[in-house]
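Report on one structure; see the data block that follows.
The values are calculated or read from the model by the stated rules, or taken from the named source; none is laboratory data. Fair warning: this is a prediction, and the values are worked out from it, not measured in the lab. Virtual Cβ from ideal backbone geometry, glycine too; neighbours counted across all protein chains shown.
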Amino acid sequence: MQQFSNSDSGDIVLAIAQRIVENRVHLSDIDGLIGDGDHGVNMAKGFGIAAERLRGKARPLSASLTVLGDVLMTEIGGSMGPLYGVMFSGFAESLNDVVEIDAAAFERMLRTGLAEVQSIGDAKVGDKTLIDSYAPALEAFSAATAKGDGFATALDALIAGAEKGRDSTIELVAKIGRASRLGERSRGVLDPGAASCAIILRSLAEGAKAKLRVVP
Amino acid sequence: MQRFINDPDFVVEDTLRGFVKAHSDLVKLADNPKVVAAADAPILGKVGVVTGGGSGHEPAFIGYVGRNMLDAVAVGEIFSSPTAKSFYDAIKMADGGRGVVCLYGNYAGDNMNVKMAVKLAAKDGIDVRTVVANDDVCSAPPDEREKRRGVAGEILMWKCGAAKAAAGASLEQVRATAQKAIDNCRSIGVGLGPCTLPAVGHPNFAIEPGTMEVGIGHHGEPGARVEPLKRAADVARDMVKTVLDDHNLPAETEVAILISGLGATPTNELYILNDTVESEVRARGLKVARTYVGNLFTSLEMVGATLTIMALDEELKQLLSVEVACPVRL
C-alpha cells in the first residue's frame, strides 16, 4: 500500500501557493476574456501572503492547509477567497487527526473540500466554474482506487480528470458568477476558476506523489 | 495608463489613508484597515447599518459613512468583494446592542462573504439581518428579479435604512424599510467607454467609438444591447423608458431621481441627461420629489451614467429628507 505522512508534508502547500503566484498573469488574462481580469491578481495576492507565512517552516500538511485556508478567507475576499478558503480549511479539518495519509484518507479530504465549496456556492457541474475541474478530478481519483489502482496511479487520474474538466469549460455557457451575465458570449473561453482549480489540484497531486512510500 | 498611483497592488490601502485624512471629522479607520466607520460608531441603543463592496466605485461605499447614514463599511479590493472578516469587523463596529442590518448589492462574492460574516457575528450574539439590492433592470428579466445586480439604488436604500435606524426603529423595522426602499428602485446604466483595473493595466472590455452599451453593469458587465451613440436627449428618453416600463408606476406617484456618472463623464453631461429625464418623468404623470445628480456611484474611469428612479411613499419621502453628515453631499 502507498501512503505519505502528514507530519512532514507541509511544503506541498507552499508549492501550491507558488504555482498560483507564478500563474498570476495567465489567470488574469483568462479572466479578462469573461470577467474583470483580476482573478490572477487577487489569487496571487492571497496565495503570496500564505507563501510568506509558510516559507522556511516545517509543518504538517494539515497545519499548512489551515494557514492557507485562513489567509484566503481573511485576506482575499471576492468569490475566490471564501470558496478556496473553505476548501483548504475543509482539507485541513479532514486531515487533522490523520498520521499516515493513504488513498482513502486523501479521497475523504477531497470530498470534504468539495462539500465545503458547495455549502457556500451554488454551482453544479456544467455551470462553468471551478466545480467543473474539481468534481471530475475527484470522480477520476475515486474510480481509479475503486478498480484497485495504486495511490500514485489514482493521483495521475486526478490530474487528468481536473485538466479534462477544466478544458470542458471552454464549451460551456456560464450559469453562475459574474461571467453568467454574458450568456452565450461566455462560450469559447476557459473558466478562470476552473483553470486555477486545475493548477491547485495538479500541484497537490504532484506533491503527494513525490512523497509516497510503499508500506507492507 | 495615465493614473495617479503609487503601487497598483496597494491602491485601496492608499485610497483609504487619504480618505480618512480628508474626512476625519466624520469617519475613522477601524483596527481592521479595510473597515471605515462613522466617527461616533457604534451608537449605543441604535440599530447598526453597514454595507460593503469592492473599491473603485468611490464615493461609494465609503463616502456614505457618517451621521444618520452608514455606521460602517467593509472595503474590498478593486471590483472585488470585501473579505468575510471585513464584513464581520464592520458589523462589530456598528453594533450598538440592538442588532445590525447589512444592506449590500447582489454579487456572488458579497453574498458568500456576508453569509459567512453573519455566521461569525451570530457566534458573538449579534443579530444581523440582510437586504440584498437588485435594482439593475437590464441584468435579468423581471421574473428573475432575484438575479439582478445592485447598483446606484443602493445609495437610496442606505439613506432610508440609516434614517430609519437613526429614528430609533427596531432591527426588523429597519430591515423592512430598507427592503421596501430597494424594491421601489429601478436602475439602468449606459456605458460609452471602458475602465482599467490598475493592477491589470489595460481595459478588459471595449466599447467601439460611436457606440454605447445600454444596460452596462458597474464592473463593465455587458449590457442588454450595443447601439450607435445617440443625442443625449434620446439616450435619456431610452433610459427613462427602460426603467419605467419595468417599474409600472401609477400616475401621480412621487419619485426620486438619481443620476450618477460612472467616473469619467463630465458632470455637465449628467445635467444634460437630467434635463430630459426630469421632463420625461413628468410627462408620464409622475411627480419628482427629489433629484440627485453627480458622481455618486462610479466604476473607476468608465465613461457613462446610471439612472435610478425610486417610487416614494410618505415614509420613504420623509426618510430621504432627513439631514445627514457624510463625505458625500446628499
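Looking across the stretch A:181-216, the residues that are under 11 Å from A:ILE34 (Cβ atoms), touching a residue at least 40 places away in the same chain (Cβ under 8 Å) and either more than 13 Å from the chain's Cα centre (by Cα) or surrounded by fewer than 17 Cβ atoms within 10 Å (Cβ to Cβ) (or both) come down to A:LEU182, A:ARG185, A:SER186, A:VAL189, A:LEU190, A:ASP191. When residues in the stretch A:23-47 are screened for being at pLDDT 85 or above, more than 13 Å from A:ALA195 (Cβ to Cβ) and among the charged types (D, E, K, R), 1 of them pass. Tallying residues that are more than 10 Å from chain B (Cβ to nearest Cβ), crowded, with 23+ Cβ neighbours inside 10 Å and closer than 23 Å to B:ASP89 by Cα within the stretch A:86-103 yields 2. Report whether or not B:TYR88 is within 13 Å of another protein chain (Cβ to nearest Cβ) and crowded, with 24+ Cβ neighbours inside 10 Å. The answer is yes for B:TYR88.
Residues in the stretch A:22-33 include at least one that is within 14 Å of another protein chain (Cβ to nearest Cβ), surrounded by 18 or more Cβ atoms within 10 Å (Cβ to Cβ) and under 17 Å from the mean Cα position of the chain (by Cα). Could you go through the stretch B:236-243 and let me know if any residue there is away from every other protein chain (no Cβ under 14 Å), crowded, with 18+ Cβ neighbours inside 10 Å, assigned to a strand (DSSP E or B) and modelled with pLDDT of 95 or more. No, the conditions are met nowhere in the stretch B:236-243. Of all the residues in the stretch B:200-235, those that are assigned to a loop (DSSP other than H, G, I, E, B) and within 14 Å of chain A (Cβ to nearest Cβ) number 17.
Can we say B:VAL20 is of a type in the set (A, V, I, L, M, F, W, C) and either out of contact with any Lys or Arg (no Cβ under 7 Å at 6 or more places or on another chain) or within 12 Å of chain A (Cβ to nearest Cβ) (or both)? When the stated conditions are applied, B:VAL20 does not pass them. One residue is enough: does the stretch A:65-85 have a residue meeting the conditions crowded, with 24+ Cβ neighbours inside 10 Å, aromatic (Phe, Trp, Tyr) and either without any contact (Cβ under 8 Å) to a residue 40 or more places away in the chain or more than 16 Å from A:GLY193 (Cα to Cα) (or both)? No, the stretch A:65-85 contains no residue that is crowded, with 24+ Cβ neighbours inside 10 Å, aromatic (Phe, Trp, Tyr) and either without any contact (Cβ under 8 Å) to a residue 40 or more places away in the chain or more than 16 Å from A:GLY193 (Cα to Cα) (or both).
To keep it simple, each residue is scored yes or no on (1) surrounded by fewer than 21 Cβ atoms within 10 Å (Cβ to Cβ); (2) part of a strand (DSSP E or B); (3) touching a Pro at 6+ places or on another chain (Cβ under 8 Å).
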site: B:ILE272; (1), (2), (3): yes, no, no
site: B:VAL277; (1), (2), (3): no, no, no
site: B:VAL288; (1), (2), (3): yes, yes, no
site: B:LEU307; (1), (2), (3): no, yes, no
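Scan the stretch B:115-174 for residues that are basic (Lys, Arg) and either closer than 19 Å to B:GLY217 by Cα or crowded, with 19+ Cβ neighbours inside 10 Å (or both) and the total you get is 6. Restricting attention to the stretch A:88-135, the residues that are assigned to a helix (DSSP H, G or I) and closer than 24 Å to A:ALA17 by Cβ add up to 29. Within the stretch B:184-195, is even one residue of a type in the set (A, V, I, L, M, F, W, C), within 24 Å of B:CYS160 (Cβ to Cβ), in contact with a Gly (Cβ under 9 Å, 6 or more places away or on another chain) and at pLDDT 95 or above? Checked against the condition, which is being of a type in the set (A, V, I, L, M, F, W, C), within 24 Å of B:CYS160 (Cβ to Cβ), in contact with a Gly (Cβ under 9 Å, 6 or more places away or on another chain) and at pLDDT 95 or above, the stretch B:184-195 yields at least one hit. Considering only the stretch B:242-284, state which residues are out of contact with any Leu (no Cβ under 9 Å at 6 or more places or on another chain) and either in contact (Cβ under 8 Å) with a residue 60 or more places away in the chain or among the small types (Gly, Ala, Ser) (or both). Listed by number, the residues that qualify are B:ASP246, B:HIS247, B:SER279, B:ALA283. B:LEU197 satisfies every condition listed in (1) more than 21 Å from B:LEU300 (Cα to Cα); (2) within 12 Å of chain A (Cβ to nearest Cβ) except (1).
Is it the case that B:VAL49 is in contact with a Leu (Cβ under 6 Å, 6 or more places away or on another chain), of a type in the set (A, V, I, L, M, F, W, C) and either within 13 Å of chain A (Cβ to nearest Cβ) or within 24 Å of B:TYR292 (Cβ to Cβ) (or both)? Against the criterion (in contact with a Leu (Cβ under 6 Å, 6 or more places away or on another chain), of a type in the set (A, V, I, L, M, F, W, C) and either within 13 Å of chain A (Cβ to nearest Cβ) or within 24 Å of B:TYR292 (Cβ to Cβ) (or both)), B:VAL49 qualifies.
A:GLY56: within 14 Å of another protein chain (Cβ to nearest Cβ) and over 25 Å from A:GLN2 (Cα atoms), yes or no? Reasoning before the result, please.
Numbers: within 14 Å of another protein chain (Cβ to nearest Cβ): no; over 25 Å from A:GLN2 (Cα atoms): yes.
So A:GLY56 does not fit the description; no.
Every test in (1) outside any helix (DSSP H, G or I); (2) more than 14 Å from every other protein chain (Cβ to nearest Cβ); (3) buried (at least 24 other Cβ atoms within 10 Å of the Cβ) is passed by A:ASP149 save one, and that test is (3). Among all positions in the stretch B:91-107, there is at least one residue which is within 30 Å of B:VAL214 (Cβ to Cβ) and either free of Cβ contacts under 8 Å to residues at least 12 places away in the same chain or small (Gly, Ala, Ser) (or both). Within the stretch B:64-72, is there a residue that is within 20 Å of B:ARG329 (Cβ to Cβ), within 14 Å of chain A (Cβ to nearest Cβ) and of a type outside the set (D, E, K, R)? No, the stretch B:64-72 contains no residue that is within 20 Å of B:ARG329 (Cβ to Cβ), within 14 Å of chain A (Cβ to nearest Cβ) and of a type outside the set (D, E, K, R). If I ask for residues that are more than 18 Å from B:GLY263 (Cα to Cα), surrounded by 24 or more Cβ atoms within 10 Å (Cβ to Cβ) and out of contact with any Cys (no Cβ under 6 Å at 6 or more places or on another chain), which ones from the stretch B:66-85 would you list? Of everything in the stretch B:66-85, those that are more than 18 Å from B:GLY263 (Cα to Cα), surrounded by 24 or more Cβ atoms within 10 Å (Cβ to Cβ) and out of contact with any Cys (no Cβ under 6 Å at 6 or more places or on another chain) turn out to be B:LEU70, B:ASP71, B:ALA72, B:VAL73, B:ALA74, B:VAL75, B:GLY76, B:SER81, B:PRO82, B:THR83, B:ALA84. Scanning the stretch B:110-130 for residues that are within 14 Å of chain A (Cβ to nearest Cβ) and touching a Leu at 6+ places or on another chain (Cβ under 9 Å) yields a total of 1. Under the condition of being among the β-branched types (Val, Ile, Thr) and in contact (Cβ under 8 Å) with a residue 60 or more places away in the chain, the residues counted in the stretch A:86-98 number 1.
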